[in-house]
């Protein structure tokens, strides 16, 4: 508990703050999340179960933290800062600890209340909880999966859901929406039941005869070949909306995820340094990603910067609540029809850059860094070679083998001639 977490204190230029300190207004105000982290907890020296949660977004809240016997923790939110002060948080923590000492555990009471709720109600509670902690895109994806695959269960009390129910539901979703959707739906359900405190959790895979067997998944790696790229480039050049065309071009030239490109801010782009730094709160691994901007990407950004809206911080402004571009499905569908391409997703532009990098001889670690993968195993799926390189390799080796064999035959013929003489 005494390990150091780097936090900047106002006016002290990077001085480290201990993970356990005597919390006060100055410390709470100055605490920030280190680069690459999504949140940190700073514990109080006076009330050891009191913790300050600091989010990368700048939001701060006080929690009562209680360790459970299985090594996990329960966190009970006392209030947001600055709505409550450090002193008020300590008073609330003392009060809750007193209730626990008298046999009234507010955390357990909260979990029991969740267990009495329907799956739909638990999802709404979880969404509120997750919006403070997870990327917006993750919450949106889980909501879509819930509505599509689990919506008909929203009135079910969570404590009535059984292992048999989950198995039947998993199979039904697999038949209707596909194996990947079925597996992801079970993962969402597992998350919600854990949040509701259901134990044992019927959506856990388990072991033995009662094991919940998920469908086998084959990672999708669809990339465009040279002929398909030519068709795509022609369609992009002829597209009626060149702002959308620029979006798809940048998605290809950077290999970045769709959500990162659509929410690209000018503050993240260095036109002089030819780099785009995606901040940790926007990345899957919660680590910043520095993207090199190749010449075609730079040309697009320079043109867009010269014609940008003065009051918009976004590279691709939008009309919705976010202020930036969000929905690209219809534009992508029209583009594919114009190009005569099928079975291509926007995400496949990312796959295309990675595959071409590998086939052009780029080191896997370079590809890993370009895509922002946390581990090299994720990048390994791009380590396939194009058929042209496979053909070239086989032809080269076979020619060498034939050459070696012909030399042996020539030597045998020469030996036979010498013997005859």
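The values are calculated or read from the model by the stated rules, or taken from the named source; none is laboratory data. Everything quoted here is computed from the prediction, not taken from an experiment. Here the Cβ is made from the backbone with ideal geometry for all residues, glycine too, and neighbour counts use every protein chain on show.
With respect to residue 355, determine if the residue is touching a strand residue (DSSP E or B) at 6+ places or on another chain (Cβ under 6 Å), under 30 Å from residue 377 (Cβ atoms) and surrounded by 15 or more Cβ atoms within 10 Å (Cβ to Cβ).
Working: touching a strand residue (DSSP E or B) at 6+ places or on another chain (Cβ under 6 Å): no; under 30 Å from residue 377 (Cβ atoms): yes; surrounded by 15 or more Cβ atoms within 10 Å (Cβ to Cβ): yes.
No; evaluated as a whole, the condition is false for this residue.
Please work out which one of (1) part of a loop (DSSP other than H, G, I, E, B); (2) crowded, with 16+ Cβ neighbours inside 10 Å is the condition residue 252 fails and give its number.
All conditions pass for residue 252, except number (1).
Select from segment 266-276 the residues that are surrounded by fewer than 17 Cβ atoms within 10 Å (Cβ to Cβ) and touching a strand residue (DSSP E or B) at 6+ places or on another chain (Cβ under 7 Å) and write down the one among them that is nearest to residue 327 (Cα to Cα).
Residue satisfying both the conditions and the ranking: 275.
Return the residues of segment 354-364 that are at pLDDT below 85 and out of contact with any helix residue (DSSP H, G or I) (no Cβ under 7 Å at 6 or more places or on another chain); say none if nothing qualifies.
Matches in segment 354-364: 360, 361, 362, 363.
Right, residue 183: within 20 Å of residue 344 (Cα to Cα) and under 19 Å from the mean Cα position of the chain (by Cα) or not?
No.
Please indicate, with yes or no, whether at least one residue in segment 213-221 is touching a strand residue (DSSP E or B) at 6+ places or on another chain (Cβ under 7 Å) and modelled with pLDDT under 95.
no
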